[in-house]
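The values are calculated or read from the model by the stated rules, or taken from the named source; none is laboratory data. Keep in mind that what you see is a predicted model, and the values were worked out from it rather than measured. Cβ coordinates were reconstructed from backbone atoms using ideal geometry, including for glycine residues, and neighbour counts include every protein chain displayed. The area values use the complete protein model at the heavy-atom level, side chains included, leaving out ligands, DNA and RNA. Shrake-Rupley method; radii C 1.70, N 1.55, O 1.52, S 1.80 Å.
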Amino acid sequence: RRIQQKLSIGEYPGKVPFGYKNINTEKRDRHGDAITSVVVDQERAAYVRRAYELRLEGLSSRSIARILNEEGATSNTKHRRPLTSSSVDTMLKNKFYIGIMTLKGIEYPHKYEHIISDATFYAVQDINGEKSHNKAQTERKKTYAHSNLARCAKCGGAMSSYEKKGHIL
């Protein structure tokens, strides 16, 4: 019930994502829980904004992670590790930066400062949703006469032609 109450008033019940920081206070609420406040970590928020800008330029998560690490970005964990491509990918998909926190698949508005504008966030989501088609691979694929017509009687798999030493078998 306490978590639901926190969510209903716009407070995040756990560790906040990269770009924000939890600050523990010595005060306690009427339930005996330590009162924590969430503020924007200005240093890491700049890296979040930079990651979104780089993604809008068309760079991959791996490239963005490499660039941010070269610029000095570290994780917001105890051991301050370099950012990984998966952490950058998670960052680029996280709605927390535009004011929406997600917990167990349900979205709630939060009361903290937004780091990214809605327009920037959804522009990046459009880029993430596009499927890259590698034309070099599709052009290399050869088509043969009677492709996919014959099937194996045992397994039902399609029989295909292939080329060996210039002969089509």
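Values for this structure:
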| item | result |
| --- | --- |
| Tally of residues being open to solvent by less than 100 Å² (accessible area, probe 1.4 Å) and at pLDDT 70 or above across the stretch 142-158 | 5 |
| Which numbered condition GLU107 fails, given (1) free of Cβ contacts under 8 Å to residues at least 24 places away in the same chain; (2) open to solvent by 40 Å² or more (accessible area, probe 1.4 Å); (3) in a helix (DSSP H, G or I) | (3) |
| Residue check for HIS167: on the phi > 0 side of the Ramachandran plot, more than 22 Å from the chain's Cα centre (by Cα) and either at pLDDT below 75 or among the basic types (Lys, Arg) (or both) | no |
| All positions within the stretch 4-17 that are open to solvent by 20 Å² or more (accessible area, probe 1.4 Å) and either assigned to a loop (DSSP other than H, G, I, E, B) or over 22 Å from TYR108 (Cα atoms) (or both) | ILE9, GLU11, TYR12, PRO13, GLY14, LYS15, PRO17 |
| Which numbered condition GLU139 fails, given (1) under 12 Å from the mean Cα position of the chain (by Cα); (2) modelled with pLDDT under 70; (3) of a type in the set (D, E, K, R) | (1) |
| Search result, residues across the stretch 20-51 that are closer than 19 Å to SER87 by Cβ, at pLDDT below 90, open to solvent by 40 Å² or more (accessible area, probe 1.4 Å) and touching a helix residue (DSSP H, G or I) at 6+ places or on another chain (Cβ under 9 Å) | LYS21 |
| Filter result (modelled with pLDDT under 85, open to solvent by 80 Å² or more (accessible area, probe 1.4 Å) and not basic (Lys, Arg)) within the stretch 110-133 | GLU130, SER132, HIS133 |
| When residues of the stretch 79-98 are limited to those that are outside any helix (DSSP H, G or I) and farther than 20 Å from HIS114 by Cβ, the one most open to solvent (accessible area, probe 1.4 Å) | ARG81 |
| Condition met for ARG62 (out of contact with any Lys or Arg (no Cβ under 7 Å at 6 or more places or on another chain), among the basic types (Lys, Arg) and over 23 Å from ILE3 (Cβ atoms)) | yes |
| Hits in the stretch 52-78 (condition: more than 14 Å from LEU92 (Cβ to Cβ), free of Cβ contacts under 8 Å to residues at least 12 places away in the same chain and either part of a helix (DSSP H, G or I) or open to solvent by less than 50 Å² (accessible area, probe 1.4 Å) (or both)) | ARG66, GLU70, GLY72, THR74 |
